[in-house]
Structure formats: structure tokens, C-alpha cells
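S.K.: Please find one structure pasted underneath; my questions will follow.
The values are calculated or read from the model by the stated rules, or taken from the named source; none is laboratory data. If you're wondering where the values come from, they're calculated on a predicted model, not measured in any experiment. Cβ placement follows ideal geometry from the backbone for every residue including glycine, while neighbour counts extend to all protein chains displayed.
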Amino acid sequence: MPTTEIDKIRTMMRWPQTPRTCLSFILLVCLCVQSLPIFALPSSGNFTSIPTRYHSRHYHHHHHRLEKRVLNPPLPTTEYAKTKMKPGTPHKDKAIFYTAKTLFSALHLIQRFDGQGISDTDNGEKVMDMEGGPFAESAKLFLDDKDTWDDNEKDIAVGQVSRAFAERAKGIVRVVFPEDYSPRIRPNTWTEYEWPALKENSDVTKVLAWWVKKGGDEPMGDGTEIWPCDMTTDPRRQPF
């Protein structure tokens, strides 16, 4: 066999070894990479697949940025809300509060005592109704798919306006609760804003409460005093 043919055969026998050499090198590189710390860069704002180390750092940065963002519109303050109330309202001994879907039960008290709910104090701009002013602005921005209040910020807005009603109350105040009401389990506008404001309000002389089995039931009797008496030892375990 000619020398050139022998050389060709030897060359063909050596060639398959080349890929095996490359594969060995690639496997070595992969093993080295696996031993390195895991880092990642954000991609298109989607961090669902970002490793924990990066995601944790990014979350804290993002959360910090949210705390400093400018709210659009600004949240209404309690003092702002007071400027949207009719002068002198609510009248003495007339303020009626309700909690946890007992609005229609509170209407019975409003009728019985010629009372006033928060909406009755509105000066026509619908801020105390939670429908006008910044509430209307926020609703429009939401419908236009623009950045505005989130659910938590909306709750704060409602709470701060409601607190204005409590700070303006005078004399005897009345409130309706559902029978199974437990503010310790479910904090709300009453526990976070209205109740603290009523206890701090020197113009409030007494707070009377009624409990109804379901929203819409008429509150019966003369009510139970929950302020200024201490209700923390109430045998019915009402959490005041």
C-alpha cells in the first residue's frame, strides 16, 4: 500500500479523538462553573427565576423605592377632611358609627336618634362620602390604567377621613357591631382610626354600642356603654 494511503488511514483513525478531547474540556469547564457563587442580572423586570441571593437584595431595594414614591393623588389627611365637612357637624349626641357591614343597622339608629353618619357631614364635595376629591381622582387614574393608590393606601385614605368624623364628634356617640365582631382578628377603620380618636376626643362623653346578628337587623335596647367604662373585662369578650 502506498505511503500516502497509509497516512490517510492513520489520519482518519485519529480524527474521532478530537471531539472526545473537546467534550472533556467542556465538562471540565462546567464543573468549574458549578462551583462558583450564583449571581444573576434582572431581565425585563421579571424576577420569578432570579436566584434567591439576587432576588432578596432586589426586593429590599424595590420596597425601599416604593416607600418613597410620590402618591398620585396625595392621600387625604384628617385635617384636609375636616375642611370638607359642614361647619359644626356632627351635632352633639348625633354621631353614629358602624362596622363590618352593619350600615343598614346603623340607619335604624340614625332614624331613632335623628343621628348623623359620616356622609351627613359632607359639604357637597363628596370627600366625606369617599367619592369626590382625591377618591374620584384615584378612581379615574385606575380606570385609565395609570399609577395610583394600591389597596393598602386606599384603606389609609378612608381611615384618615373617617378619623376626622371621630375627632369632630361631641357628647354621646353610638356604634353598631355584628354579633361575632372581633377587631383583634380583623383590624379595620374602627379599630385603627375611629375608636382611638373617640377615646382621645375630650368632647366625647360616652360611647354606646349595639350588637346585631346580621347586617340590617334593627339594634334593640338602649345600647351598652363601652366608653369611658373599661370594656377589657367584658364577659362577652368584646375586645375593647
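S.K.: Is it true that Asp150 is free of Cβ contacts under 8 Å to residues at least 24 places away in the same chain, farther than 30 Å from Asn72 by Cα and not aromatic (Phe, Trp, Tyr)? Outline the logic, then answer.
M.R.: Values: free of Cβ contacts under 8 Å to residues at least 24 places away in the same chain: yes; farther than 30 Å from Asn72 by Cα: no; not aromatic (Phe, Trp, Tyr): yes.
No; evaluated as a whole, the condition is false for this residue.
S.K.: Only one of (1) assigned to a loop (DSSP other than H, G, I, E, B); (2) exposed (fewer than 13 other Cβ atoms within 10 Å of the Cβ) fails for Gln111. Which number is that?
M.R.: (1)
S.K.: Looking only at residues that are within 23 Å of the chain's Cα centre (by Cα) and at pLDDT below 95 in segment 165-179, which one is surrounded by the fewest Cβ atoms within 10 Å (Cβ to Cβ)?
M.R.: Pro178
S.K.: Taking the stated definitions as given, is Asp114 over 25 Å from the mean Cα position of the chain (by Cα) and either modelled with pLDDT under 95 or closer than 30 Å to Ser202 by Cβ (or both)? I'd like the intermediate steps shown before the answer.
M.R.: Values: over 25 Å from the mean Cα position of the chain (by Cα): yes; either modelled with pLDDT under 95 or closer than 30 Å to Ser202 by Cβ (or both): yes.
In short, yes.
S.K.: For the condition of a type in the set (Gly, Ala, Ser), over 30 Å from Lys146 (Cβ atoms), in a loop (DSSP other than H, G, I, E, B) and at pLDDT 95 or above, what is the one hit in Gly132, Gly88?
M.R.: Values: Gly132 fails: over 30 Å from Lys146 (Cβ atoms).
Going through Gly132, Gly88 in turn, just one is of a type in the set (Gly, Ala, Ser), over 30 Å from Lys146 (Cβ atoms), in a loop (DSSP other than H, G, I, E, B) and at pLDDT 95 or above: Gly88.
S.K.: Which condition does Thr205 not pass, out of (1) in contact with a Gly (Cβ under 7 Å, 6 or more places away or on another chain); (2) under 18 Å from Lys82 (Cα atoms); (3) of a type outside the set (Phe, Trp, Tyr), if it passes all the others?
M.R.: (2)
S.K.: Does Lys146 satisfy being over 30 Å from Ile226 (Cα atoms), part of a loop (DSSP other than H, G, I, E, B), over 22 Å from the mean Cα position of the chain (by Cα) and of a type in the set (Lys, Arg)?
M.R.: In short, no.
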